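The values are calculated or read from the model by the stated rules, or taken from the named source; none is laboratory data. Since the model is a prediction, treat every value here as computed from it, not as a measurement. When we count neighbours, we look across all protein chains shown, and the Cβ atoms used for this are built from the backbone with ideal geometry, even at glycine. These area figures cover heavy atoms from the full protein model, side chains too; ligands, DNA and RNA do not enter into them. Shrake-Rupley method; radii C 1.70, N 1.55, O 1.52, S 1.80 Å.
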Amino acid sequence: MATTLTQKRVPASRSTVAHKYAMAVSGLIMLGYLLVHMYGNLKFFQGEEKFDSYLGETLPHMFYPYLPEDGALWIIRVLLVVALVVHVYCAATLWRRNKAAAGYVGGKRYHTTQNKTGVQRSYSSFTMRWGGVILLLFIIGHVAQMMPNWLSPGGASDSKYDRVVNGFEIWWVVLLYTIGMLAVGLHLAHGFWSALTTLGQNRSSTRRSSHWTAISIALATLITVGFLSVPFAVLFFGAGS
Amino acid sequence: MNITVRVWRQKNADDKGKMVTYGVENVSKDMSFLEMLDVLNEQLTLAGDDPIAFDHDCREGICGACGVVINGQAHGPQVTTTCQLHMRSFEDGAVVDVEPWRAGAFPVIKDLVVDRSSFDRIIQAGGYISAPTGSAPEANNLPVPKKDADHAFESAACIGCGACVAACPNGSGMLFTAAKITHLGLLPQGQPERDSRVIGMVEQHDHEGFGSCTNIGECTAACPKGIPLDTISRLNRDLLGALSKGKA
Amino acid sequence: MTTTTTTTNTSEFYGVGADIHDTKAPSGPIEQRWDTRKFNAKLVNPANRRKLSVIIVGTGLAGGAAAATLGEAGYHVKSFCYQDSPRRAHSIAAQGGINAAKNYRNDGDSIYRLFYDTVKGGDFRSRESNSYRLAQVSVNIIDQCVAQGVPFAREYGGLLDNRSFGGVQVSRTFYARGQTGQQLLIGAYQALERQVAAGTVEVHTRHEMLELIMVDGRARGIIARNMVTGEIETHTADVVVLATGGYGNVYFLSTNAMGSNTTATWRAHRKGAYFGNPCYTQIHPTCIPVSGDYQSKLTLMSESLRNDGRIWVPKKAGDERPADQIPEDERDYYLERIYPAFGNLVPRDIASRAAKYQCDDGKGVGPGGLGVYLDFADAIARLGLDTVKAKYGNLFDMYAQITGEDPYKTPMRIYPAVHYTMGGLWVDYDLQSNLAGLFVTGEANFSDQGANRLGASALMQGLADGYFVLPNTIANYLADGPFEKISDDHPEVVAAKQAVTDRINTFLSINGTRTVDSYHKELGQIMWEYCGMERTEEGLTKAIGLIRELKADFWKNVKVSGVNEELNQTLERAGRVADFFELGELMCIDALHRRESCGGHFRAESQTEDGEALRHDEEFAYVAAWEFGGDTPILHKEPLEYEYVEMKARSYK
Ligand SMILES: Cc1cc2nc3c(=O)[nH]c(=O)nc-3n(C[C@H](O)[C@H](O)[C@H](O)COP(=O)(O)OP(=O)(O)OC[C@H]3O[C@@H](n4cnc5c(N)ncnc54)[C@H](O)[C@@H]3O)c2cc1C
Ligand code: HEM
Ligand code: HEM
Ligand code: SF4
Ligand code: F3S
Ligand code: FES
């Protein structure tokens, strides 16, 4: 088996590692948005007026008059869409590639029934891909519900505050949101750590010993709890009605 | 003790392959796993069957030739090479599943033997320091801080067995590649080629059809030499540095 | 005080041919000989190197380093190994370290001292010129390896660390934890792969050399079997280098890798290359004992354990009590008793033999009574558990891993095992065998180490040969090339290929009732019993008869399953074992003819009253170079002369 090196290779700038940089950066952008978004959502507890004016006045007038009304929002939206597209595109490309790389035979990789879940991989790393898909579906549904008055379970309204309350008074809407939020949490518990590692910032010899691991889990918990507080408050404590 | 082994049998690269069950009796707890397969092979040979092919050479845990997936775990239940795994790690009457490394970049040659020459080609693509014979300066002219030397050594301990690939759900060869990047990148001698090395090796890694690393960490759990996970992050950092300098 | 006895006429086993000489070694002051040789050797113009092709079989330190260096020099190199990657050559298993006369410790070391130690350690059976060159070149090896990024152990100041090793009084051993061989080999491997990428070297992995091609008196190529497809391939070149390692596996159980074999060297021997000193084998005292008849190989543990461990056996033969129930006054610390000055630190061969004697007397411990205790209880009491852990922790872990016993609680059991073979194909100063165009490097040749090798000197020799010696001396031969091209239908090629095919077909058609391994084990037992640590005329004569019988039975009754056209590991082993039979026989004949004890060859008939090895310099100060002669090999003597080091007997009492 003489070994020869072919020179025709995909350049490193389009390598799997480069794809990962793209995922990490786009993921972190979306994470940044989520933090701000969560901050905004928590204004729900300040009442309808504050909430609606934050969404209807404060946000559209960010950097006003340097940017036109809604300008900053549109920049963020474009950035988010680009991030999501890049993220999902890279995830899909690598998913396909990794499946082939794992060397399946007859639909299975290893035919044993023992130790299916490996030794130290976490549930969250295990669920990145399908969890990501759930997230994508959630985002589509959510944006359709919140943005214009399209999908409006519980009744449309010009007040976003009302829309939120109307929706979250329905148990299955809250259930869907809960699933979505757990997906976000799990995705980030691994994703934030993973993004930092991808960008070269992990200096610990094991996954567990990395201090970023604890920070990731804390961050993921914060986001999950923070977001869920609104629907739970509405459904279980009658907030807003 | 008596055990049952279910082994992946595949005549050659084109054969479909399947799991076949054999009983092995009077297994001693002090036998190594490979010695247990030796005993089984003697039985098979005398019975006129084809013995099970598996790679091995040093049987000391250092050459990296051996390696099979045992009960779904690369190199089996202990963190060691297959040749250093002993039957005392199994219960009497156990059913033990034995399969080859699975990865697109490691095609099966026969039974438990796979072709790992892709690793050699990753090294060819930059896993060295160019030091023509005879041109070396006096060794002690280049002091290396002990910390760096020890750290480099840790990564240099990789035996090229491929367990990391077999254990990685993505079939990624990142830990192997990163171990070499880290070993050479930590030494002063390795600096001049640091950028070209990481670019060449990553390109070849991908070219061989290995998967991408999603930082899952199964590889380090299976690695018999304890290659640390931060090597992968270092590779990422080095590649980012090289790309940002426009070296690609 | 000699007790040499000669009863039978041993010469019925062999013939005697004319003496031979190393015609390449220059004379003159020993410090200048290597320079003189390099200056007088012919050179090859860089522009011509491309046209010259070199086959190198073996990718260990000797072969890998040579392939990388010759490729870099511009020759067209084809490299071969039987493993799936050149990085797995057996050199990888070396633990202890590599010697070099750097004198970094300012402890009086020098090239001359390393040379002196090598000649003395080799029990005055090596060539002075070779040993001196080895010491000289050792210095460059370390520079080369460091430049390649080999992570040697360092001091806090960042400079290289050294340790003393193998009983010498200076610290000249460079090491990389317990994995020196691995790190050196990976360095050579990476240099080799760099040349593969540069297009100068072609590596053929999973290829086993099965025959040498000789045309018009020159070695011109090899027949190799592609171990995946079974194809019998012809590879021709202007010169052939064998770097195929040692043959310790003739004993079946040894510390060598499972695939280590003599096939390449033995096939060359059959084609006319002389085999030098085949009986010199090094037996290492601290190996993990055999645990059962399924045992496939033995594992070496560092000799450093003897620094603090105490070796003992029960005083009473057949004492089956566990170690902790044997009271102090019923234990025999036999090394301390017999050799009060050196105690547990006597040289390898003495420690090994002493253990064997205890076990022969029925005092052995562990399965089969083949083991002695190496006890750290006193060391733990004296130094504390933590110190012992820090010093030997990794070795204790290794022991625990293999045996399932805890050496901190129960004493370790150790037993000697075959470890290294000093013998090998005969070569001159240029490392060329008596066949033109056949060079031999590393453990595969007989040179440099004499009758016994110092610890940490085999790695040194492999790299000296590979990086520095061969690349210079081979040019002298290649300067006359390129030689006429050889086509695949040249009669010699066709005949060699046919011979290989016939042999394979024979193996596959015997279809007998015994497995290859069972023959190998039996051969190993014969060799260990009669040609192991202690050899006698009676035993060796008996062994030759037993081997011949076993060999005849093998060719009638072996069972090799499968076909040639696939990966067939049984077939591979059958070929190796067939060659081991013939080599084993020659080893016994060599051991029988050398009626003296020297280095790794101990004849019970030749010992002092207190059991020390006794050399007979007047009669045996020569290299025994054996020419293949079927059942009756022919002995050629190469007389050895010592101009610099005075021949002395050693004493460890
Ligand atoms: C356990 C152990 C520990 C040791 N520790 C030390 C130490 O601390 N210090 C020291 O100096 N020495 C040590 N030694 C000795 C030393 O390791 C060896 O002598 C040395 O590495 C031999 O190197 P080599 O290049 O000659 O051969 P090897 O490394 O044995 O290489 C042989 C090569 O030849 C190839 N080959 C063989 N036969 C064929 C064939 N028929 N066809 C094709 N290819 C073939 C193999 O594939 C391999 O590539 C140790 C040895 C052992 C066993
Ligand atoms: C369709 C939607 C999505 C899919 C399929 C998806 C899938 C993935 C996958 C497969 C990974 C790789 C895991 C890894 O490399 O470790 C990943 C990483 C990541 N994802 Fe997503 N994801 C999606 C949406 C999102 C969203 C909405 C966010 C932000 C909130 C996000 C944040 C991240 C982060 C931060 C990472 C880590 C990047 C890295 O590892 O380099 N993802 N995603
Ligand atoms: C229970 C939790 C959540 C609540 C109550 C909530 C609420 C809202 C509301 C009220 C809006 C409309 C804002 C506006 O008009 O400016 C909105 C928009 C949006 N939300 Fe959420 N959201 C939640 C969770 C999430 C999550 C987890 C994500 C992403 C993964 C997300 C992504 C978005 C996006 C992308 C928009 C559109 C922003 C824009 O284009 O201006 N939301 N959300
Ligand atoms: S990184 Fe570990 S598992 Fe992977 S090849 Fe190297 S030693 Fe084997
Ligand atoms: S398991 Fe695979 S995903 Fe990366 S961290 Fe290890 S290579
Ligand atoms: S056989 Fe060498 S590592 Fe297992």
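The accessible-area ordering, largest first, of the residues C:Val494, C:Val241 stands as C:Val494, C:Val241, per a 1.4 angstrom probe.
Within 10 Å of the Cβ of each residue in B:71-84, the mean number of Cβ atoms contributed by other protein chains is 3. Pairs of Lys residues in the stretch C:298-456, spaced 8 or more positions apart or belonging to different chains, with C-alpha separations under 20 angstrom: 6 in total. Excluding ligands, DNA and RNA and using a 1.4 Å probe, chains A and C jointly bury around 500 Å² of accessible surface, summed across both partners. Between C:Gln325 and B:Gln78, the FRET efficiency estimated from the beta carbon spacing at R0 = 25 angstrom works out to 0.20. Between B and C, buried accessible area from a 1.4 angstrom probe totals roughly 6000 Å², ignoring ligands, DNA and RNA.
Taking all protein chains as they are arranged and a probe of 1.4 Å, the heavy atoms of C:Trp555 leave approximately 80 Å² accessible to solvent. Under the criterion of Cα pairs below 8 Å and six or more residues apart, the relative contact order for chain B equals 19 percent.
The listed residues C:Lys271, A:Lys108, B:Lys110, once ranked by accessible area (1.4 Å probe) with the largest placed first, stand as A:Lys108, C:Lys271, B:Lys110.
Accessible-area rank, largest first, for B:His86, C:His90: C:His90, B:His86, with all protein chains present and a 1.4 angstrom probe. In summary, the lysines within cross-link reach of C:Lys648, defined as a Cα separation below 20 angstrom excluding same-chain residues under 8 places away, comprise C:Lys120. How much of the accessible area of the stretch C:167-305, probe 1.4 Å, is carbon plus sulfur, in whole percent? That fraction is 44 percent. Using the beta-carbon distance between C:Glu31 and C:Arg382 and R0 = 41 Å, what value does 1/(1 + (r/R0)^6) give for FRET efficiency, to the nearest 0.05? According to the calculation, E is roughly 0.35. In summary, the lysines within cross-link reach of B:Lys16, defined as a Cα separation below 17 angstrom excluding same-chain residues under 8 places away, comprise A:Lys108, B:Lys110.
Taking chymotrypsin sites (Phe, Trp or Tyr not before Pro) across the stretch C:111-204, the ones in a DSSP loop with at most 15 further Cβ atoms lying within 10 angstrom of their Cβ are C:Tyr156. Averaged over the residues of peptide B:91-99, the number of Cβ atoms from other protein chains lying within 10 Å of each residue's Cβ is 2. Peptides B:120-127, A:22-29, B:189-196 ordered by packing proxy, namely the average of other Cβ atoms within 10 Å per residue, highest first: B:120-127, A:22-29, B:189-196.
Between C:Leu43 and A:Gln114, the simple spin-label model (points 7 angstrom out along Cα→Cβ) gives 6.4 nm. Between A:Phe63 and C:Asn434, the modelled label-to-label distance comes to 8.9 nm, taking each label 7 Å out from Cα in the direction of the beta carbon.
Between the stretch B:24-64 and the stretch C:361-415, the alpha-carbon centres lie 27 Å apart.
Counting alpha carbon pairs within less than 8 Å and at least 6 residues apart, what relative contact order, in whole percent, applies to chain C? Result for chain C is 22 percent. Computed with a 1.4 angstrom probe on protein heavy atoms, the A-B interface buries about 4500 square angstrom of accessible area in total. Centroid-to-centroid, using Cα positions, the stretch C:451-512 and the stretch C:64-134 are 19 Å apart.
Each Cα pair under 8 Å and six or more residues apart adds its separation to the average, and for the stretch C:525-622 the resulting relative contact order is 32 percent.
In straight-distance terms, cross-link reach from A:Lys50 covers every one of the lysines whose alpha-carbon lies under 27 Å from its own, apart from those fewer than eight places away in the same chain; here that gives A:Lys160.
Here the calculated FRET efficiency for C:Thr23 and C:Glu643, from their Cβ-Cβ distance with R0 = 22 Å, stands at 0.80, rounded to the nearest 0.05.
Here the simple spin-label model places points 7 Å from the Cα toward Cβ, and for C:Thr506 and C:Arg163 these points are separated by 4.8 nm. Heavy-atom accessible surface of the stretch C:513-570, averaged per residue, reaches 39 Å², computed with a 1.4 Å probe.
To the nearest 10, the accessible area of A:Asp70 is 50 Å² with a 1.4 Å probe.
Among the lysines of the stretch C:435-574, pairs at least eight places apart or on separate chains and with Cα atoms under 20 Å apart come to 7.
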